[in-house]
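Worksheet: one structure, shown below.
The values are calculated or read from the model by the stated rules, or taken from the named source; none is laboratory data. Everything quoted here is computed from the prediction, not taken from an experiment. Quick reminder, even Gly has a Cβ in these numbers, built from the backbone with ideal geometry, and neighbours come from all protein chains shown.
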Amino acid sequence: MIVPTNCEPVIHGVNQEEDKKPKQPAINYFPLRVFGMQKQSFYKTWYNLFSWLEYSVSRDAMFCFPCRHFALRGYMDKDIKRHRSYLARLVDILLLTAHQGIAQLGHCENADSQNLVRNKILTDVKSSFYFSVIVYETRDERKTKQFSICVRYILDDKVQEKFLTFSNVRDLSASGLHNMMVENMKEYDI
């Protein structure tokens with residue numbers, strides 16, 4: 001079913017009650033209207049092609065039934081905008097995590113699946129000729145100091161930057177952060 005998206009939400013001349021189906025009057029001859037240099041009219045065969053189509057005799061115009069139907073229920077103003085905003089945020093999150101190579105959390109997310117992703121990254125890092133380690137000291141929502149490690153490497157002539165792990169920070173001094181990074185590099189054998 002094809003439903004146009006740019007429809008007029010409030011339509012005068014079409015029954016404004018909540019109908020179960022479009023208003024499709026069976027008229028043998030619809031009035032001709034002049035459009036530019038041509039005369040045109042509505043054809044009742046269009047009802048068969050587009051089940052969502054309805055016609056207003058008083059306005060001699062056709063309309064989208066779902067658009068009118070949902071406008072009557074007040075969905076156009078609040079709910080659709082809220083749902084579109086929510087969907088836009090989800091798409092932004094998916095694009096960001098896909099771009100960063102971060103796995104999406106799913107119903108079977110566990111240590112094994114996380115290790116599979118990490119092992120793939122480590123295999124790619126070890127097979128690249130050059131790589132670098134990026135270390136960030138951050139705080140989580142509880143203000144706990146964390147140490148995040150990312151790696152940057154070249155794979156198939158493209159620069160890749162992937163997240164490896166978080167660790168709680170024990171020592172914020174330069175030597176403490178260095179030692180922690182070295183421990184993690186030994187753990188991941190890179």
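Counting only residues that are exposed (fewer than 12 other Cβ atoms within 10 Å of the Cβ) and assigned to a helix (DSSP H, G or I), which one in the range 101-115 is modelled with the lowest pLDDT?
The extreme case among them is A111.
Mind checking which residues of the range 2-27 are of a type in the set (S, T, N, Q) and modelled with pLDDT under 85?
T5, N6, N15, Q16
What pairs come out if I take residues in the range 122-149 that are hydroxyl-bearing (S, T, Y) and pair them with residues that are at pLDDT below 85 and in a loop (DSSP other than H, G, I, E, B) whose C-beta lies under 9 Å away, six or more apart or interchain?
Between residues of the range 122-149 that are hydroxyl-bearing (S, T, Y) and residues that are at pLDDT below 85 and in a loop (DSSP other than H, G, I, E, B), the close pairs are T144/V169.
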